[in-house]
Each structure stands twice: as structure tokens, then as C-alpha cells.
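Undergrad: One structure follows; several queries about it will come next.
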Amino acid sequence: MAAMVVSQVACAKLGGLQALPIQSRFNKLGGARLATTPRLMTSLAGRVRCDAGKGEGPLADAKAVVDKQTKTTITKDDILRNQETNESEKKSVFGTEPTSGSFYPRPEVERRPETGSKNFFSVFAFDGAAPETINCRLAMLGFVWAVVVERMTGQTVFEQVTNAGQPGLFYFLGAVQLFTYASLVPIMSGESTDARSFGPFTARAERWNGRIAMLGFLGLVITEAFTHSAVFGM
């Protein structure tokens, strides 16, 4: 009876790990019946199947919801159609026609992370996806931070960064690293800022706000360099 039970087919299933039936076999050796080590037969051509690696769970569900509400898939065909119809894509701000493989300007299909190269030199090129995005975000943060601190302390931007005991420079360096990393994550995944929008928060709005913030921050620093006083001070 025991021999019959051992020789029957067994199936192991633990959580997400599933294996095909295993069979115990008996051999005779010197008159004794010895059980050999059971051989594990796995599905998927010899590979163990595990459902835990499929990106399922609360985080994956939350990401799917956010993507559904904010993300728009941009295809290569969409980019090529825009290249053909958008006048700004036929000539750069310097009046040069975009040329494939050139340093600047490049065609849209080559400079976008969805279809172009995602190596460091391509992403951080003059017309790459990273420089303006990161600079705009840092300028918006820097301008708001400068105004708030000037109202609180009466110090100029230069004084906030250089005065002894002021953590302005430390915060600035930390913000640069944080915003650079956060901006590069979607770009390296093949997603440009134009792929996301939520109500009034669009890539176009971010670019214009960022450009204005860069001009505003530059004007603030130059003005305070001549006046030696905080523009927004008490």
C-alpha cells in the first residue's frame, strides 16, 4: 500500500510557484528498494513559472490608473506626421533645416525619447529631451524659493547661497540632483513630457512657465547684483 502511494503522481503548488506533476521511482539495489530523488518537471520548457514577477499588486494597479488618466501614447507615425505638417519642425530657430545625424538641429523623430536614441549624449544634446525640461523645473522652483526666502529674511539670492550658516547652496545642489533624476526616469523609459497631461497641467504649459521663470530668475539676480538689495525683501 505504501509503495502504491509513493509511486502515485504528486502535484506541488505553493502560492505563485507552480510545477508539473512529479513522479517518485523505485529501484532495486542489492535486494533493497530505495527511493530515488524526485525529479521536478517544470512548465514553460523547463522553467519554473511564478506569477509574482508580472508587476501585479497595489502599486501596479495605482500606476495603471494614473496612466489611464494622464498618459497619451505617442507613436512614431504621430511624430512623422507632425514633422511633415508643423512649420517649426521644418526649420530651427536659427533658420537651419533639421538634418538626420547632425549635432543640431535634429529631426523630431531622432530627438524624442519615444523613437530616438536614449544615450547620454542624445538626451543631453542642445535639442535633447532633458536640458530644457530640467532647467525649466529648476527655474520655477528657484524663483519661488528665492521670493519666499527674500520675504522671510530680506536676503538677496546671492546672500542666500553664499552667506555663512545659510543652507541655500546645499538645498540647491540637492534639488538639482533630485529633479534631474526624477526627470530622467520617464525619458530613459521612452516617454517625453508631451505624453502626460492632467487638466491644465500640460507639457506646453510647463515649458512656457519654465521659460518665463528662467527669464524672471535671471532678471532677479542681475537686478540684485546692481542694487545690492533684495527685490522682494521686507
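The values are calculated or read from the model by the stated rules, or taken from the named source; none is laboratory data. Computed from a predicted structure; not experimentally measured. FYI the Cβ positions are ideal-geometry reconstructions off the backbone, even for glycines, and counts take in every protein chain you see. Each accessible area value is taken on the protein alone, full model and side chains, heavy atoms only, with ligands, DNA and RNA left out. Shrake-Rupley method; radii C 1.70, N 1.55, O 1.52, S 1.80 Å.
Undergrad: Between rounded, prolate and oblate, where does region 47-161 land on the alpha carbon gyration tensor, with a ≥ b ≥ c its root eigenvalues, rounded for a/c under 1.5, else prolate if a/b exceeds b/c?
TA: It is oblate, given that a/c is not under 1.5 and a/b is not larger than b/c.
Undergrad: Given labels modelled 7 Å from the Cα in the Cβ direction, how far is it in nm from residue 73 to residue 152?
TA: My value for the distance between the label points is 4.5 nm.
Undergrad: Carbon and sulfur: what percent of region 105-205's accessible surface (1.4 Å probe)? Could the numbers behind the result be given before it?
TA: Numbers: 3980 of 5780 Å².
Here carbon and sulfur together make up 69 percent of the probe-accessible area.
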